[in-house]
Amino acid sequence: MGKGIEVCLAGLQGAGTLEDALEAEFVDCLVRQAGLVLVGEKPAALFGFRPRSHGAAPDARAACLLSGRLLVAYAKRTKAYGVRIVWLAEREGGPMLLAWRPAQVAGLLDDEAARALMASCGLPTAHAARLVSDLVRRLRAYYAGRGPFPHEVGLILGYPVADVAGFMADGGRGAVACGRWKVYGDPVRARRRFDELGRHERLCKRLYAEGVPMGELLRMGMA
């Protein structure tokens, strides 16, 4: 388990054993949902893994256990490439996950406006790991029904500070543009960023579909 780092598993979701199928689905999910983190274009991604194998009643428990093993295996393997993967909760047939690059999150702490907003939300601002740990705690509380969604997580998802602050203030009603997030600052600059992220995302998916393994995408993020 973990072979999907150096071997492209694209197109293998329905082949072989349940373990092989789930691993192919898991790597495909990482590339599609967190590809921008893998290639170093954004600091973090929040996403869910919903394997189709969970739908087969006789194998449902096995699939659940296997997906947990996959998470452990890939969390360990991707760490060597500067990416962390963290389990948040079980939700609608699969786990919710957070993938993040500590080096990029640490860069956010050099931004005075970002630090000020974090501090106003009661987040630690001295160390990237402590910041993400606190956000993970808040996300787990939300998924467990013990608190509101922590929109401050947008800071590590790569959203501009002004846009995170604006959304937290009025829930999106005063946004001047909408794309990958609600925009409160410069809409022209935001649309350029949306287009840029879209290009990188399409490239990431195309490379993987053409046989480039996830490990190569991870190495691109370290360059």
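If only residues of region 70-90 that are surrounded by 14 or more Cβ atoms within 10 Å (Cβ to Cβ) and of a type in the set (D, E, K, R) are counted, the one that is nearest to residue 9 (Cα to Cα) is 77.
Look at residue 183 and say whether it is surrounded by 13 or more Cβ atoms within 10 Å (Cβ to Cβ), touching a residue at least 40 places away in the same chain (Cβ under 8 Å) and not basic (Lys, Arg).
Numbers: surrounded by 13 or more Cβ atoms within 10 Å (Cβ to Cβ): yes; touching a residue at least 40 places away in the same chain (Cβ under 8 Å): no; not basic (Lys, Arg): yes.
It is false that residue 183 is surrounded by 13 or more Cβ atoms within 10 Å (Cβ to Cβ), touching a residue at least 40 places away in the same chain (Cβ under 8 Å) and not basic (Lys, Arg).
For region 189-196, indicate whether the set of residues that are touching a Lys or Arg at 6+ places or on another chain (Cβ under 6 Å), among the hydrophobic types (A, V, I, L, M, F, W, C), over 20 Å from residue 85 (Cα atoms) and free of Cβ contacts under 8 Å to residues at least 60 places away in the same chain is non-empty. Yes: region 189-196 contains one or more residues that are touching a Lys or Arg at 6+ places or on another chain (Cβ under 6 Å), among the hydrophobic types (A, V, I, L, M, F, W, C), over 20 Å from residue 85 (Cα atoms) and free of Cβ contacts under 8 Å to residues at least 60 places away in the same chain. Remark: residue 146 matches the filter, which requires a residue to be open to solvent by 30 Å² or more (accessible area, probe 1.4 Å), over 13 Å from residue 46 (Cα atoms), modelled with pLDDT of 95 or more and part of a loop (DSSP other than H, G, I, E, B). Residues in region 1-40 that are within 13 Å of the chain's Cα centre (by Cα) and either open to solvent by 50 Å² or more (accessible area, probe 1.4 Å) or small (Gly, Ala, Ser) (or both): 5 in all.
Total residues in region 151-171 satisfying the condition of being assigned to a loop (DSSP other than H, G, I, E, B), within 25 Å of residue 201 (Cα to Cα) and of a type outside the set (A, V, I, L, M): the figure is 3. Between 223, 177, the distinction of being more than 17 Å from residue 42 (Cβ to Cβ) and of a type in the set (A, V, I, L, M, F, W, C) belongs to 177 only.
Please determine, by comparing only the residues of region 77-117 that are in contact with a strand residue (DSSP E or B) (Cβ under 9 Å, 6 or more places away or on another chain) and in a helix (DSSP H, G or I), which one is nearest to residue 165 (Cα to Cα).
Initial filter on region 77-117 (in contact with a strand residue (DSSP E or B) (Cβ under 9 Å, 6 or more places away or on another chain)): 78-79, 83-102, 104-105.
Now restrict to residues that are in a helix (DSSP H, G or I): 78-79, 102, 104-105.
Numbers: 78: 31, 79: 31, 102: 22, 104: 20, 105: 18 Å.
Checked region 77-117; the qualifying residue nearest to residue 165 (Cα to Cα) is 105.
The values are calculated or read from the model by the stated rules, or taken from the named source; none is laboratory data. Only a predicted model underlies this, so the values are computations on that prediction, with no experimental measurement involved. Here the Cβ is made from the backbone with ideal geometry for all residues, glycine too, and neighbour counts use every protein chain on show. The area values use the complete protein model at the heavy-atom level, side chains included, leaving out ligands, DNA and RNA. Shrake-Rupley method; radii C 1.70, N 1.55, O 1.52, S 1.80 Å.
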